[in-house]
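Note sheet for the following structure.
The values are calculated or read from the model by the stated rules, or taken from the named source; none is laboratory data. In this text, all values refer to a predicted model and were calculated from it rather than measured experimentally. Quick reminder, even Gly has a Cβ in these numbers, built from the backbone with ideal geometry, and neighbours come from all protein chains shown. Side chains included, ligands, DNA and RNA excluded: accessible areas come from the protein's heavy atoms. Shrake-Rupley method; radii C 1.70, N 1.55, O 1.52, S 1.80 Å.
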Number of protein chains: 2
Amino acid sequence: MNPIPPAHLLNALNWRYATKQFDPDRKIDDVSWRALEDALILTPSSYGLQPWHFFVVTSPELRSRLRPHSWNQSQITDASHLVVFTIPEKIDVPFMEKYLDRIAEVRGVPLESLAFYRDMMLKDVIAGPRSAWSREWACRQVYIALGNFMTAAALVGVDTCPLEGIDPMEYDAILDLPAKGFNTVVACAAGYRSPEDKYAALPKVRFDKSNIVQHL
Amino acid sequence: MNPIPPAHLLNALNWRYATKQFDPDRKIDDVSWRALEDALILTPSSYGLQPWHFFVVTSPELRSRLRPHSWNQSQITDASHLVVFTIPEKIDVPFMEKYLDRIAEVRGVPLESLAFYRDMMLKDVIAGPRSAWSREWACRQVYIALGNFMTAAALVGVDTCPLEGIDPMEYDAILDLPAKGFNTVVACAAGYRSPEDKYAALPKVRFDKSNIVQHL
């Protein structure tokens with residue numbers, strides 16, 4: 001692995017901003033987009049359980065229908081790509097078993113060798129104390145994916161805009177997600193900033209480091 | 001901004017794994033660490049509100065005391081750096097005002113010009129419907145920071161291990177956080193993998209892309 005210089009990382013993160021106006025004529029090329037999908041897949045999650053499903057909405061018709069349920073923000077229709085981040089309706093034993101099967105398959109180990117790991121998950125987020133809020137736990141994991149996605153995009157020169165101001169129920173209905181077993185959490189538009197987006201030039205507002213980072 | 005090639009991004013994300021065994025003798029150099037703190041600060045958040053505070057625990061004594069409340073995981077004491085991600089106890093009007101003051105300061109605009117923005121936040125997460133779960137909202141933002149941090153670290157060649165299996169109440173008590181107005185959410189160790197960590201060589205387990213990403 002060939003690390004990038006720390007200054008290079010910070011250039012990308014300072015270049016990033018929540019893009020308000022995308023250039024509707026510029027599309028993300030296939031190689032970059034495939035890499036961003038792979039980045040989503042490679043997101044770390046608790047136990048590696050990956051409690052998520054990413055819908056990439058390309059249909060202009062669907063995107064027009066989503067827009068009124070997104071504070072009518074133009075990013076929904078103008079950005080090159082729109083990702084809807086969802087969680088599975090059920091974080092249950094079958095979901096866990098699917099994951100254990102996958103570990104056995106990828107690592108070529110017998111399922112029995114995963115009994116201890118299975119028990120840990122079972123006694124925690126699957127059927128233990130944390131299972132009472134497993135959907136919220138899954139939402140948090142989705143936000144790791146969101147953070148990873150925006151940083152990954154910035155590094156390859158792709159603009160993003162995270163969209164919390166959406167109506168998840170309407171998104172679910174328009175994208176027919178309950179029938180597929182998923183529920184909307186948050187969305188993120190990706191593409192290229194319009195040269196006219198005046199927000200790109202505004203100084204980034206962050207609290208002073210001394211108020212945010214403390215050494216103990 | 002000089003983007004990195006998509007393949008370079010994926011190399012870094014494939015190199016990353018939840019490090020189980022850190023090399024206790026290797027410390028992250030100052031330039032890299034400062035960049036990772038800056039990356040944390042540059043994390044995007046809803047409204048830009050930054051509902052977080054990052055504690056970098058360097059004291060070996062504090063880290064020894066945290067370890068039993070972290071499933072006794074060696075990363076707590078062996079990693080070069082340990083970051084505790086926290087949220088403010090109150091996401092309230094004074095918190096919002098502090099942010100508005102900061103916008104006015106950084107952008108050199110009068111506070112009055114932010115009245116519309118103020119109202120939006122007030123009617124939403126500060127005192128509107130979402131204020132009922134503003135602490136959970138803040139936790140989700142913290143997970144954006146966690147995702148950003150792990151990806152940023154991988155890109156500059158620093159290993160990490162996210163730590164959800166910690167006791168937040170004990171962390172709060174040991175780090176005296178309530179007196180400072182913060183509560184623990186999650187932690188992340190950072191440093192360099194030990195050459196003996198056998199987990200580094202295990203194939204990464206991810207569901208097949210066709211089961212995780214869907215185009216609509």
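When A:Val205 is represented by a point 7 angstrom out along its Cα-to-C-beta vector, the spacings to that point in the other copies are 4.5 nm, nearest first. Pairs from the list A:Lys98/A:Lys123; A:Lys204/B:Lys90; B:Lys98/B:Lys180; A:Lys98/B:Lys204; A:Lys198/B:Lys90; A:Lys27/A:Lys180 with a Cα-Cα gap above 26 Å: A:Lys198/B:Lys90; A:Lys27/A:Lys180.
Here's the picture: charge each Lys and Arg Cβ at +1 and each Asp and Glu Cβ at -1 in chain B, and of B:Leu82, B:His215, B:Leu114 the one pushed furthest to the positive end of that dipole is B:His215. Computed over protein heavy atoms with a 1.4 Å probe, the carbon and sulfur contribution to the accessible area of region B:21-193 reaches 55%.
A straight chain from B:Thr58 to B:Asn211 at 0.36 nm per residue would run longer than the Cα-Cα distance by 50.9 nm.
With every protein chain left in place, what is the accessible area of A:Arg26 in Å² (1.4 Å probe, nearest 10)? Roll a 1.4 Å probe over it and A:Arg26 shows about 120 Å². Computed from protein heavy atoms with a 1.4 Å probe, the total accessible area buried between A and B is close to 7700 Å².
For the rotation carrying B onto A, the chain B residue whose Cβ lies nearest the axis, with the distance in whole Å, reads B:Gly147, 1. Comparing Cα centroids, region B:37-65 and region A:1-41 end up 23 angstrom apart.
Taking every Cα-Cα distance in chain B and sorting them into 10 Å bins starting at zero, the pair-distance distribution P(r) comes out as 8, 28, 31, 23, 10, 1 percent. Summing Cβ point charges (Lys, Arg +1; Asp, Glu -1) relative to the Cα centre of region A:127-197 gives a dipole of roughly 460 debye. Shape class for region A:145-190, computed from the alpha carbon gyration tensor (a ≥ b ≥ c): prolate, with a/c not under 1.5 and a/b above b/c.
Residues with beta-carbon under 15 Å from that of A:Glu97, excluding A:Glu97: net charge, scoring Lys, Arg +1 and Asp, Glu -1? Its environment carries a net charge of -1. For A:Pro129, the label point sits 7 Å beyond Cα toward Cβ; its separations from the matching points on the remaining copies run 3.3 nm, from shortest to longest. For A:Val158, no residue whose modelled amide H falls within less than 5 Å of its own remains once neighbours fewer than 5 places apart on the same chain are excluded.
Computed extension length for B:Lys90-B:Leu122: 10.1 nm, one decimal, from 0.36 nm per residue of separation with the Cα-Cα distance subtracted. Of interest is the spacing of the C-alpha centroids, which for region B:151-195 and region A:187-214 amounts to 25 Å. Interface burial in region B:112-146 reaches 30 Å² or more for B:Glu136, B:Arg140, B:Tyr143, B:Ile144, comparing the full protein assembly with the chain by itself; accessible area from heavy atoms with a 1.4 Å probe. Evaluated with a Cβ-only charge set (Lys, Arg +1; Asp, Glu -1), chain A carries a dipole of roughly 520 debye about its Cα centre, given to the nearest 20. Rounded to the nearest 20 debye, the dipole magnitude of the protein assembly as shown is 160 debye, with +1 charges on Lys and Arg beta carbons, -1 on Asp and Glu beta carbons, and the Cα centre as origin.
Taking all protein chains into account, the per residue accessible area for region A:21-193 stands at 38 Å² (1.4 Å probe). When shorter helices are ignored and each DSSP H run of at least 4 residues is given -39500 (n - 2.57), the per-residue value for chain A at 222 nm works out to -12500 deg cm²/dmol.
The residues of region B:1-20 listed by number as losing at least 40 Å² of accessible area in the complex, against the isolated chain and with a 1.4 Å probe, are B:Met1, B:Ile4, B:Pro6, B:His8, B:Leu9, B:Leu10, B:Leu13. Summarising the label geometry, the points placed 7 Å from Cα in the beta-carbon direction at A:Lys204 and B:Glu136 lie 3.0 nm from one another. Residues of region A:133-173 falling in the label zone of A:Asp197, defined by backbone nitrogen less than 18 Å from a point 7 Å along Cα to beta-carbon, are A:146-166. Tell me which DSSP H helices of chain B clear both cut-offs, 18 Å or more of axial length from alpha-carbon atoms and a mean Kyte-Doolittle hydropathy of at least -0.5. Helices passing the filter in chain B: B:93-107, B:134-155.
The mean sequence separation of alpha-carbon pairs under 8 Å and at least six residues apart, normalised by the residue count of chain A, gives a relative contact order of 35 percent.
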